1. Quick one: which residue in Gly220, Gly207, Gly160, Gly170 is more than 30 Å from Glu77 (Cβ to Cβ), of a type in the set (Gly, Ala, Ser) and in contact with a strand residue (DSSP E or B) (Cβ under 6 Å, 6 or more places away or on another chain)?
2. For residues in region 85-99 being surrounded by fewer than 22 Cβ atoms within 10 Å (Cβ to Cβ) and either over 30 Å from Gly220 (Cα atoms) or among the hydroxyl-bearing types (Ser, Thr, Tyr) (or both), which is modelled with the highest pLDDT?
3. Looking only at region 25-34, which residues are surrounded by 14 or more Cβ atoms within 10 Å (Cβ to Cβ) and either out of contact with any Phe, Trp or Tyr (no Cβ under 9 Å at 6 or more places or on another chain) or under 20 Å from Ile71 (Cα atoms) (or both)?
4. Keeping to region 131-146, report how many residues are under 30 Å from Tyr250 (Cα atoms) and either surrounded by fewer than 16 Cβ atoms within 10 Å (Cβ to Cβ) or at pLDDT 95 or above (or both).
5. Need the failing condition index for Glu15 against (1) without any contact (Cβ under 8 Å) to a residue 60 or more places away in the chain; (2) closer than 26 Å to Arg267 by Cβ; (3) open to solvent by less than 50 Å² (accessible area, probe 1.4 Å), just the number.
6. If you scan region 176-191, which residues turn out to be open to solvent by 10 Å² or more (accessible area, probe 1.4 Å), not in a strand (DSSP E or B) and not acidic (Asp, Glu)?
7. Go through (1) in contact with a Pro (Cβ under 8 Å, 6 or more places away or on another chain); (2) not assigned by the TED database to the domain that holds Val135 for Gln252 and report which single condition fails.
Amino acid sequence: MDIRDMQIFLAVANEGSFTRAAKKLEYVQSSISIRIQKLESELKTELFHRGRQGIRLTSSGEALKSYAEKIIFLTQEAERVISDSSIPRGPLRIGSLETTSAIRLPFILAEYHKSYPEVDLILKTGTTEELIHSVLKYELDGAFVSSPGEYVELETIEVGIEELVLISGGQTTPINRPEQLRHLTIFVFRVGCHYRRILEDWLHLKGIHAKIMEFGTLEGILGCIHAGLGVSLLPFSVIERAMIKYNLQYHQISDELIRIPALFIRRKDTYKTAAISEFIRVSKDRFNDI
């Protein structure tokens, strides 16, 4: 086995297709198939079930995938450690919540890029759950989340505070009691969003069964609220900026929902480069300045 074999194997495993993996790696499909067959021959086991519906990992393939992710990461980290200096440079893969990306992150990135132009920032957005898993799988160097989960592998740094409020359209009757939410649509991000879980748990505690509508973007949620179609639980920083564009109002209907820490997570077993150390410092300095 060599590193390229591991990269090809991971591409096929993640894409679920020899064709898509070949396209991603800019290889011809026959070359990908041959390399996988050679790897299976060397390991004396099948790594993929092949059928009319596509391919999927065997139990041996699942085991190898876990090791391959670590092998690729450790190879990349070795290169970073050897070339690292006191001056931040090179790639830095950061994950962020939609809300953080829209409101907080632009100012953090602007200051960071101005100070360290040799760092190549790569940004991925997702839910808290998605970002945690990406960090655990070494796909991200770190991520902004609203809950760290219970993972001993993660280092958690508090970078600021978010105040959560219920947001409705400006034409909506002021909401000061939980019961008023019974006949309103609740707009949320997809499953895995910590804000969504907080709101759903709170509604359940109050015995309120509301209609839930799921969105993939912050703009989609704000647009529907602006039109008077429902409400959502979001950071107050969002409404501060969004009121310039949208007709919105906010309500503090529960002390339980007010303040939560904004967190940055990274794996404890990864080398803390100058690039990520300075990114964390800038984030802590700037997060709540906005």
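The values are calculated or read from the model by the stated rules, or taken from the named source; none is laboratory data. Note that the coordinates shown come from a computational prediction; the quantities given were computed from them, not determined experimentally. FYI the Cβ positions are ideal-geometry reconstructions off the backbone, even for glycines, and counts take in every protein chain you see. For accessibility, only protein heavy atoms count, side chains too; no ligands or nucleic acids. Shrake-Rupley method; radii C 1.70, N 1.55, O 1.52, S 1.80 Å.
1. Testing whether each residue is more than 30 Å from Glu77 (Cβ to Cβ), of a type in the set (Gly, Ala, Ser) and in contact with a strand residue (DSSP E or B) (Cβ under 6 Å, 6 or more places away or on another chain) leaves just Gly170.
2. So, considering only residues that are surrounded by fewer than 22 Cβ atoms within 10 Å (Cβ to Cβ) and either over 30 Å from Gly220 (Cα atoms) or among the hydroxyl-bearing types (Ser, Thr, Tyr) (or both), the one modelled with the highest pLDDT is Pro91.
3. Leu25, Tyr27, Ile32
4. Within region 131-146, residues that are under 30 Å from Tyr250 (Cα atoms) and either surrounded by fewer than 16 Cβ atoms within 10 Å (Cβ to Cβ) or at pLDDT 95 or above (or both) number 5.
5. (3)
6. Asn176, Arg177, Pro178, Gln180, Arg182, His183, Leu184, Arg190, Val191
7. (1)
Rundown of residues vs (1) in contact with a His (Cβ under 7 Å, 6 or more places away or on another chain); (2) modelled with pLDDT under 90; (3) surrounded by 13 or more Cβ atoms within 10 Å (Cβ to Cβ); (4) acidic (Asp, Glu), yes/no style:
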{"site": "Ile8", "(1), (2), (3), (4)": "no, no, yes, no"}
{"site": "Ala21", "(1), (2), (3), (4)": "no, no, yes, no"}
{"site": "Ile36", "(1), (2), (3), (4)": "no, no, yes, no"}
{"site": "Lys44", "(1), (2), (3), (4)": "no, no, no, no"}
{"site": "Glu62", "(1), (2), (3), (4)": "no, no, no, yes"}
{"site": "Ala68", "(1), (2), (3), (4)": "no, no, yes, no"}
{"site": "Arg80", "(1), (2), (3), (4)": "no, yes, yes, no"}
{"site": "Ser83", "(1), (2), (3), (4)": "no, yes, no, no"}
